[in-house]
Amino acid sequence: MNPNIKMNKELTIEEWSMVARAVMSLIVTSNLSEIPNNDMQLVKWLTAFCSDINKEIIELSFHQ
């Protein structure tokens, strides 16, 4: 896959769910003590982002 090619496809609910699970799995299985302090802000942002994705998925599932 060429990293310079932009993707025009929007993700489905299932794909967003897989992204959130994969990111959270990486965070949970990593050794947080080895992450530099200045990178912890990114970990916090990714955790919040995944939480928001999951909230949206739950909300969308109630409206279907």
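Structural remarks
- Residue, surrounded by the fewest Cβ atoms within 10 Å (Cβ to Cβ), within the stretch 34-58, restricted to residues that are under 12 Å from Trp16 (Cβ atoms) and of a type in the set (Asp, Glu): Asp52
- Restricting attention to the stretch 12-33, the residues that are part of a helix (DSSP H, G or I), surrounded by 11 or more Cβ atoms within 10 Å (Cβ to Cβ) and over 12 Å from the mean Cα position of the chain (by Cα) add up to 1.
Read-outs throughout are calculated quantities, based only on the coordinates presented, and are distinct from any laboratory measurement. For clarity, every value in this text was computed on a predicted model and none was experimentally measured. Every residue, glycine as well, gets a Cβ built from its backbone with ideal geometry; the counts of neighbours run over all protein chains shown.
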